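What follows is calculated from the coordinates using simple rules that are stated; it is not laboratory data. If you're wondering where the values come from, they're calculated on a predicted model, not measured in any experiment. Please note: Cβ atoms are built from the backbone with ideal geometry, for glycine as well, and neighbour counts cover all protein chains shown.
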2 protein chains.
Amino acid sequence: MAKELTTREENYSQWYNDLVTKADLAENSAVRGCMVIKPHGYAIWEKMQAVLDKMFKDTGHVNAYFPLFIPKSFLSKEASHVEGFAKECAVVTHYRLKSDPNGKGVIVDPEAKLEEELIVRPTSETIIWSTYKNWIQSYRDLPLLINQWANVVRWEMRTRLFLRTAEFLWQEGHTAHASKEEAIVEAEKMIEVYATFAREYLAIPVIVGRKSESERFAGALDTYCIEAMMQDGKALQAGTSHFLGQNFAKAFDVKFATKEGNLDYVWATSWGVSTRLMGALIMAHSDDHGLVLPPKMAPIQVVIVPIYKNMADLEKIDNAAFEIKKKLEKRGISVKYDNRDTQKPGWKFAEYELKGVPVRLAMGMRDLEKNEVELARRDTLQKTQVSQENIEDYIENLLVEIQQNIYDKAFKFRAENTFKVDSYEEFKKQLDEKGGFYLAHWDGTAETEALIKEETKATIRVITDDENPEPGFCMVTGKPSKQRVVFARAY
Amino acid sequence: MAKELTTREENYSQWYNDLVTKADLAENSAVRGCMVIKPHGYAIWEKMQAVLDKMFKDTGHVNAYFPLFIPKSFLSKEASHVEGFAKECAVVTHYRLKSDPNGKGVIVDPEAKLEEELIVRPTSETIIWSTYKNWIQSYRDLPLLINQWANVVRWEMRTRLFLRTAEFLWQEGHTAHASKEEAIVEAEKMIEVYATFAREYLAIPVIVGRKSESERFAGALDTYCIEAMMQDGKALQAGTSHFLGQNFAKAFDVKFATKEGNLDYVWATSWGVSTRLMGALIMAHSDDHGLVLPPKMAPIQVVIVPIYKNMADLEKIDNAAFEIKKKLEKRGISVKYDNRDTQKPGWKFAEYELKGVPVRLAMGMRDLEKNEVELARRDTLQKTQVSQENIEDYIENLLVEIQQNIYDKAFKFRAENTFKVDSYEEFKKQLDEKGGFYLAHWDGTAETEALIKEETKATIRVITDDENPEPGFCMVTGKPSKQRVVFARAY
C-alpha cells in the first residue's frame, strides 16, 4: 500500500515526516520553508484554537488584530529583542511590480522602493507596544488583556513541518499592567492555562517551570514554559509565557499616571503557542499505523464502516448506522459514516487508522442480526463486539477512557525516560544511549550551561518551582546547586 | 464631551472616521495603510466569522491554510490575473537584517537577497492552484471545497479604515470541480450564502447579481456580487463569488481523469468577503449618536446601568441586576452589567450608545421599588418602563424586533433612493443632487460603460437576473438594451 509509514524504530524523523504528509495534515509548499496546512490538519488546529480561545476569554482576555508589518526601526528599540528577532526575517523593500520591458512577466519596480523597509512580524511586541502608547494614560486604562491570532514569519534555514517553519500560525497575548506583581501573576496564570490545555486536551503531560537566562525570550526578564517529551526522548517546548518587566514600555515610552498621582512605566507580559503544538500532539502519541488523537482533539471521533456484499445489505446497514450516528451526535460526539462504494472496508480501516479516528465501528449483516457492532479502539488497536443497545453510553464513556489512557501512556513513558544523574560522565553516556530527561545539578552559570550544550547538545529545558528543592553540587564544576534542573536534547 | 461625532449631515466621511475611531472599532497604525482592529471591532468581526464559518461548513466546505508568500513568477501565469493583482503589492526581496556597521540599529543584509522575490498574497488563486495540481488526479478527488481565513495585502494609495486598507482580513473560498455546470452552481450558491448572511445577520438588504465584464475579478469568466447602499446613497460591494472557468487550471496545468477516462482541465470558483463588511455594517445603520448594531452582530446585546446615590442602594440594585443578567444569559443573550463607580450613569449611557449596544437597561431605587427597569432601544432611542417580571421574554422578542426594524429601515432607505431613469441628462443631474441607485438601460458595451464612469464617476454595480427583464434603449447611445442595470457611485 502506498500509505505505509516508515516505523519509529527504523527512523523516527522519517516516520514523523511520512505521518504528517500521509495522514493529510500538512505538506511543504512551493515557497521554501512555508507549509500548506491541509484540511485534516487544519481541523485539529481549529479544535485547539476553539478551546484555547475560550480559556483566554474565561480569564478575562479579548482579541484584537495588529499589523502584519513592522517598521524596521521598531525592532531596534528594545536592545535584546533586536538581537533575538531582527536577524532572520522577511524584509519588504518595494510596493510595486511592473511589466518586464523585455517582455517576460513582471519585475520589481525600482521606483517603488519604500523609504523605510518593513519586516514581516516575527512576533508583535514592538508594533503592539507602539500602539499601547496611545491607549494607556492612567491606571484606569489598565490592565490591558489582549490576545491576537495571527501568522508570523521567521526565516528558518532548516525547517520541518509544524515544528519549525518560516511561516507559522499562533496566538500571542500581550498584556499591560500597573504593577510588577500583577504582571508576574498574569505570566504565571497563562503558563498554567497552557499546562492545563496540554494535559487535559492534548493528553500531554508537560513540565511547567522557568527557562534559564540563556534560554529566555529576547526582551524578557523571566520566561515560563511547558516542556513535553516526545517518543524519541527529546524535549519539545510547547508554550511560553514571558514576564517582560518594563522593557517594552521603556523602549516605546509607555507611561501611566498611577493611583497615587505619579508617572511610571507600564509592566508587560506576552505569551504564545503555535502550530508547533500540532507537532507535539502528533509525535507524543502516534504509532507505526499512523496518527493517534486524543478524543477531545479529534475532528471525527467515531467512524462507522459498513461491510456488505450487495446493495440490499447496504441499505439495511445504512439504516442501523444512521440510527447510531444520530444517537451519538445527540451526545455531542462527532461521527462520520463512510458508506462510499468506491473503496473497500480494508482500505477504509487503514485510512482511518492513519488519520487517528479514536473509535471505529464496523457493521456487517451478522452484526446487524445480533444487534451488535464491531468496535476498534485506535489507541490500543483492540477490537470488541458491542451491543447496539445503549451504544451511546458505552462510547461516551469509552472516549473519556481513551483520552485518559493516552495521557497515562505518555505519562508512563516520560516517567520511564526521566533519570536522576549526578555525574557528568554518566549523563553523557546515558544521554547518548537512551535520550530522555535528566534531572541534574547545575551551578547556575551560563558558562557551564554553554559547555554542556556544546559537548552534549543538551540544554536546560526547564527549572521547576519545587516546594522542597534538593540542593547538591553541579555535575560539571562541583560548585553548589540549589536544585536539580531538567536537561534534554530538544526539538 | 470628547467623544462627540461629526454629524452625517455635516460631513458623512468625517462622521464615519470619527465613529470608527471613537467607538473603539479600529485605528490607523504606525504602518501606512495598515489598521489596528481594536477589541470592540474585532469582537464584531469574530461574530461575522463564526456565522460565516458555520454557513460554509453547512454547505460542505472545510478550512485549510496556504502560504502568505507567493513566488513572483506565479503571478504572471494567468494573463489577466497579473494585470489585476501583480501591480500594487508588498514585495519581499531579502531574508535577513544585520547590525549597521555605522553602529545605529539594523540594516538590510545585501547578501541575503532572495533569488526570486516573494509577493505578500493579494489573493491566493495562484499559490492554491499550484498546490491543487498535486491533490487532483481523478474525478474521485473532486470536488475540492476549501476555504481559508487569512490576511492579505494590496498596496492601496488612499486608504480608509475597514473600507480600503493595505492589509485586511478575509476568507477566500477556492473550489475545484469536474464540470463547468457544477462550478457555476457553486459560485451561485456562495453568493446566495453571502446574501443570506448580509440580510439575516448584518440586516443589510443587498442586491444580488453579476458584474459587467469590465468590473469582473481579474481572471474570472463571471463575477457574482452583492451590493449594498450606504446612507449617503453610495454603493458598497460587500462580497463577490467568481466562476473562474478553467483559467487557473490551465495556468497551473491541473488536469484530471474524467469518469469517461479522458483528461480534462479542472473547473474553478473563488469567493470572498473581508473586514470591509465591517465598514458596510457601520455605514448602513449607524447614526449621529454612534454605532447601531443589529442584535445578531452585537458582542454585548444588553447593558445594565445602575443609578444610585450610595453603596447601600447599589448593593440592592446589584442583586436585582445580577438576577436579570442570569435570566437573560439563560436565553443566550449576552449581557454586561456595568457597576463601575469610576464613571457616572450619563457617561455610561453615551458610551454604550456610541458603541451600539442594542438594549440598555437603567435601574434606580424607584424602578426597584416598582419592580421595573427603564429600557432604551438603541435603534429608535425610545425609552419605556418595563416590568422585571418575565423581562427575559420581553427582551428576547425585542431583540428580534430590533433586528427586523434595522433591516426594514435600511430597506426603506434603499427603496426611497433607487430611481428609474431613461435619459442620460436626468441621470447625471439627479445623481449629483440625490446620489442613490439608478436603474437605467445600457447598450452592453465597455465603451459606453467607460464613458459613463468617466463623466459621472458612476459604475455598473450589478446586473440582476430578472425573471421578466424589461427591454429598452441605452440612455447614452440609444442602442437596444435587454434589461435595466444598477448604476451608482461606489466605495
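Label points for A:F411 are taken 7 Å from Cα along Cα→Cβ. From this copy to the others they lie 5.9 nm apart, shortest first.
Charge dipole (Cα centre; +1 on Lys/Arg Cβ, -1 on Asp/Glu Cβ; no other charges) of the stretch A:418-488 amounts to roughly 120 debye.
Inter-chain Cβ neighbour count for B:244-254, averaged per residue, equals 0 (cutoff 10 Å, partner chain atoms only).
Which whole number of Å³ per residue matches the convex hull of the alpha-carbon atoms in the stretch A:295-401?
In the stretch A:295-401, the Cα hull volume divided by residue count equals 91 Å³.
The long axis of helix A:446-456 is offset from the longest Cα principal axis of chain A by roughly 40 degrees. Separation of the stretch B:152-202 from the stretch B:79-93 is 19 Å, based on Cα centroids. Listed by chain and number, the aspartates and glutamates placed with their C-alpha closer than 13 angstrom to that of A:K77 are A:E125, A:D253; residues fewer than eight positions away on the same chain are left out. Cβ-Cβ distance of B:E181 and B:K326, R₀ of 45 Å, FRET efficiency by 1/(1 + (r/R0)^6): the value works out to about 0.25. Ordering A:F85, A:I460, A:G233 by Cα displacement along the dipole of chain A toward the positive end leaves A:F85 in first place; charges were set at the Cβ atoms of Lys, Arg (+1) and Asp, Glu (-1). Each label point was placed 7 Å from the Cα along the Cα-to-Cβ direction; for B:E396 and B:K482 their separation is 4.9 nm.
Mind scanning B:K47/B:K344; B:K113/B:K133; A:K259/B:K38; A:K189/A:K482; A:K326/B:K54 and naming the pairs with a C-alpha gap bigger than 22 Å?
Violating the 22 Å limit, Cα to Cα: B:K47/B:K344; B:K113/B:K133; A:K259/B:K38; A:K189/A:K482.
What FRET efficiency comes out for the pair A:S138/A:D465, r = Cβ-Cβ distance, R0 = 45 Å, nearest 0.05? It comes out at approximately 0.85. Compared with the dominant Cα axis of chain A, that is its longest principal axis, helix A:125-135 is turned about 70°.
Which of the residue pairs A:K57/B:K87; A:K22/A:K211; B:K57/B:K250 have a Cα-Cα distance greater than 31 Å in the structure shown?
From A:K57/B:K87; A:K22/A:K211; B:K57/B:K250, over 31 Å: A:K57/B:K87; A:K22/A:K211.
For the stretch B:264-329, the set of trypsin sites (Lys or Arg not before Pro) satisfying both a DSSP loop assignment and a count of at most 12 other C-beta atoms within 10 Å is given as B:K309.
A:R340 to A:N371: FRET efficiency via 1/(1 + (r/R0)^6), r the Cβ-Cβ distance, R0 41 Å, to the nearest 0.05?
The calculated FRET efficiency here is 0.95.
Each Lys and Arg Cβ is given +1 and each Asp and Glu Cβ -1; about its Cα centre, the protein assembly as shown then shows a dipole of about 440 debye.
Calculate, in whole percent, how much of the Cα-Cα pair population of the protein assembly as shown lies beyond 47 Å.
Roughly 34 percent, rounded to a whole number.
Taking the empirical scaling 2.2 N^0.38 Å for compact globular proteins as reference, the stretch B:114-170 has a Cα radius of gyration ratio of 1.51. Computed about its Cα centre, the charge dipole of chain A is approximately 780 debye, with only Lys, Arg, Asp and Glu carrying charge at their Cβ.
Taking square-rooted eigenvalues a ≥ b ≥ c of the alpha carbon gyration tensor, is the stretch B:38-108 rounded, prolate or oblate, where a/c under 1.5 means rounded and, failing that, a/b exceeding b/c means prolate? Note, shape of the stretch B:38-108 comes out oblate. Short to long, the 10 Å bins of the Cα pair-distance histogram for chain B hold 4, 17, 24, 23, 17, 10, 4, 1, 0 percent of all pairs. Shielding of peptide A:44-54 by partners, expressed as the average count of other chain Cβ atoms within 10 Å per residue Cβ, is 1. Compute the Cα gyration tensor for the stretch A:419-461, then decide on rounded, prolate or oblate, letting a ≥ b ≥ c be the square roots of its eigenvalues: rounded whenever a/c is under 1.5, prolate when a/b is larger than b/c in the other cases, and oblate in all that remain. Prolate is the answer for the stretch A:419-461, as a/c is 1.5 or above and a/b outweighs b/c. Comparing A:G279, A:A112, B:L277 along the charge dipole axis of the protein assembly as shown, the residue lying farthest to the positive side is A:A112, per the Cβ-charge model.
Spatially, the stretch B:296-328 and the stretch A:254-276 are offset by 30 Å when compared through their Cα centroids.
Let me know the volume per residue of the alpha-carbon convex hull for the stretch A:12-285, in Å³.
In the stretch A:12-285, the Cα hull volume divided by residue count equals 144 Å³.
The mean number of Cβ atoms from other chains found within 10 Å of a Cβ in peptide A:93-105 is 5, as a whole number. Taking Cα atoms only, the orientation of helix A:311-330 departs from the longest principal axis of chain A by about 40 degrees. The loop-placed GluC sites (Glu not before Pro) in the stretch A:394-491, going by DSSP, that have at most 14 neighbouring Cβ atoms within 10 Å of their Cβ come out as A:E467.
So how many Å³ per residue does the convex hull of the Cα atoms of the stretch B:189-309 work out to? Spell out each step's value before the answer.
On the way: hull volume 17.7 nm³, N = 121.
So the per-residue hull volume is 146 Å³.
Each DSSP beta bridge with both residues in the protein assembly as shown is either parallel or antiparallel, and the antiparallel ones are about 85%. Among the GluC sites (Glu not before Pro) within the stretch B:80-124, those in coil by DSSP and having at most 14 neighbouring Cβ atoms inside 10 Å are B:E111. Note on A:K336: aspartates and glutamates with a C-alpha under 15 Å away, same-chain residues under 8 apart excluded, are A:D318, A:E323, A:E351, A:E353, A:E392, B:D58.
How much length, in nm to one decimal, is gained on full extension between B:K457 and B:D24, taken as 0.36 nm per residue of separation minus their Cα-Cα distance? Full extension of this stretch gives 152.7 nm more. Label point of A:D253 set 7 angstrom out along Cα-Cβ; within the stretch A:115-139, amide nitrogens under 18 Å from it belong to A:126-138.
Anisotropy class assigned to the stretch A:113-272 is oblate, per the alpha carbon gyration tensor with a/c at or over the 1.5 cut-off and a/b no larger than b/c. Per-residue ellipticity at 222 nm, computed for chain B from helices alone with -39500 (n - 2.57) per DSSP H run of at least four residues, works out to -11000 deg cm²/dmol.
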